[in-house]
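These notes concern the structure reproduced below.
Bear in mind these aren't lab numbers, they're just calculated from the coordinates by the rules spelled out. Just so it is clear, the structure is predicted and the values come from calculations on it, not from any experiment. Ideal geometry is used to build each Cβ from the backbone, glycine not excepted, and the neighbour counts take in all protein chains shown.
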Amino acid sequence: MNKISHVIKRSGAIVSFKKERISNAIFRAAVAVGGRDKKAADKLASEVIEILNKKYTQGTNPHIEDIQDVVEKVLIKNGRSRIAKAYILYRNSNVQRRKEKALKASSPSKSIPWHKIWKILDWSVSNNLHTIEAINKRVENGEFPHIVHESETAYTEEVTMAGELVSNRIDKLKIVLITGPSSSGKTTTTIRLEEHLTKLGFKFKMFAVDNYFYDLAMHPIDEFGDYDFETPQALDLKLINEHISRLCNGEEVTIPFYDFKTGTRFLDQTPMKLEKNEILLIDSLHGLYPEMTKSIDDDQKFKLYLEPMFQIKDNNGKYLRWTDFRLIRRMLRDSIHRAYDPVQTLEHWHYVRASEIRHIIPYLNSADYIINSAMPYELPIYKARLAKEFGKWTEKYKNNELKKDAFIRASRVNNFMQQIVGFSDESSIPQDSVIREFIGGSIHKY
């Protein structure tokens, strides 16, 4: 019999204690070092529970830190030193992130491209799109189509610039990577960039990294049945490197196929070979992650990074967060293309952010060029589409400690949504716009 029914979180909140959380944490650490044995994780978790039952009396609520100490000892005792190291690193990174969050006001992050941000802010001010109030006035004055034109023009100019930078290095390149966090607009930008470079006479072949996902059953799963497939370890990095290396050497490989409906990978499905003067084009969430393409020298790669870098203040003078707009984008895209309820996306988003903080943001400044995919006209469109839902979600998660992340995000978006003037006529948005990737109606196939 398990004596422990509740655990004290770092916030002081008391929540239900479940073995699955320990098992999942151990399995997640194992995945980080290449392990995929769920049964072993469950067995180790049982040993942790056994120790805790001996250590604590019935009705005692241990602190989360105490439980994690026991997990570390069990891993080391059982000869799982690599997993223990990954677990400790993950635990320490959480502590460090909390410290950095407290200090960020006085210590600017080295991962943020400040020069790019200042250019975007200057553009936003020049076009009177730097505050919600300013955007509202322009929309109320009937200028929504003009805002669309200004935004789309700025984005197109950045894609053109990226194309010029690629063409300047084309003789040495083996791979062009289009990367960025979830819902930054990678797919549309990949298509637009390829179209631009094709007109210049260059040849590309798409390498679909998504086909290299491990079977869904091999990913960590939490107590709510949600899979964490956001980390680079969700991909078969070893096979990816083997295949791109052979392709760049002129060899033929047989790439796998991943069935997203069943969460199953089928190996050796489609022959692929680069023809003379062809370059690999890779659209990947983790394109900047060093292990993704370590088999290719850096001077043979062009890394293009995307991010919707909104420089817009709310009515309280606070800048809107980029991640909130990507969350909204993914909600809309998932509901259209994956039949997901937007609330599923909201509840899953903490996995998205955790992986970005660990595996994307630290490498941001290794990109060769950054494209801003933000469109200020998104605000009134999203107000018309989702504003009421965020109000409902704020109430739904208000007192749920286990869904605290969902509450924080929903309430934050709900607060600024109340300030926006909605606009529902989307006819002026071009059919090849990056926003069509999320709201539908694109001429591109995704």
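Which of the chymotrypsin sites (Phe, Trp or Tyr not before Pro) across the range 172-279 are loop residues per DSSP, with 16 or fewer other Cβ within 10 Å? Don't skip to the end; give the middle numbers.
Details: sites: F202, F204, F207, Y212, F213, Y214, F224, Y227, F229, F257, Y258, F260, F266; in loops: F202, Y214, F224, F229, F260.
Filter output for the range 172-279: F224, F260.
Given +1 at the Cβ of Lys and Arg, -1 at the Cβ of Asp and Glu and no other charges, the dipole of the chain around its Cα centre is 1720 debye to the nearest 20. Approximating the spin labels as points 7 Å out from Cα along Cα→Cβ, the Y319-to-S366 distance works out to 2.4 nm. One chain, two ends: L200 and E164. Fully extended at 0.36 nm per residue, the span grows by 12.0 nm beyond their Cα-Cα distance. Here the Karplus relation 6.51 cos²θ - 1.76 cosθ + 1.60, evaluated at θ = phi - 60°, turns the backbone of the range 305-320 into coupling constants of 10, 10, 6, x, 8, 4, 10, 10, 9, 7, 6, 9, x, 9, 6, 5 Hz, with x for every Gly and Pro. Each Cα pair under 8 Å and six or more residues apart adds its sequence gap; the mean of these over the residue count of the chain is a relative contact order of 18 percent. Between D299 and T60, the modelled labels are 6.2 nm apart [label points 7 Å from Cα along Cα→Cβ].
Close amide H partners of Q269, meaning residues 5 or more places away or on another chain with modelled amide H under 5 Å apart, are I255, F257. A simple spin-label model places the labels of E50 and A208 4.7 nm from each other, with each point 7 Å out along Cα-to-Cβ. As a proxy for reagent exposure, D298, D37, D236 were ordered by neighbouring Cβ count within 10 angstrom, fewest first; the result is D298, D37, D236.
Note that the chain, at 25 °C in a medium of 0.890 mPa s, gets a Stokes-Einstein diffusion coefficient of 103 µm²/s from its Kirkwood radius over C-alpha pairs.
Most exposed first by the Cβ proxy, i.e. fewest other Cβ within 10 Å, how do T262, T323 rank? Present the calculation step by step, with values, prior to reporting the outcome.
Working: T262 10, T323 19.
By the 10 Å Cβ count, ascending, the order reads T262, T323.
Checking the Cα-Cα distances for K238/K261; K85/K318; K119/K276; K273/K301; K199/K238; K9/K388 against a 27 Å cut-off, the pairs over it are K85/K318; K119/K276; K199/K238; K9/K388.
Using the rule -39500 (n - 2.57) for each DSSP H run of four or more residues, divided by the residues of the chain, the 222 nm mean residue ellipticity is -15500 deg cm²/dmol. 3J(HN,Hα) along the range 131-146: 9, 4, 4, 5, 5, 4, 5, 5, 5, 5, 8, x, 9, 3, x, 5 Hz, from the Karplus curve 6.51 cos²θ - 1.76 cosθ + 1.60 with θ = phi - 60°, whole Hz, x for Gly and Pro.
Between E140 and T156, the contour length at 0.36 nm per residue exceeds the alpha carbon distance by 3.2 nm.
Evaluating 6.51 cos²θ - 1.76 cosθ + 1.60 at θ = phi - 60° for every residue in the range 39-49, the Karplus couplings come out as 5, 5, 5, 5, 5, 5, 5, 5, 5, 4, 4 Hz, glycine and proline recorded as x.
In terms of its alpha-carbon gyration tensor, the range 114-375 comes out oblate; a/c meets the 1.5 threshold, while b/c is at least as large as a/b.
Between Y227 and T270, what FRET efficiency comes out of the Förster formula 1/(1 + (r/R0)^6) with R0 = 25 Å and r the beta carbon distance, rounded to 0.05? List each step's numbers first, then the result.
Numbers: r = 25 Å, r/R0 = 1.01.
Efficiency at R0 = 25 Å is approximately 0.50.
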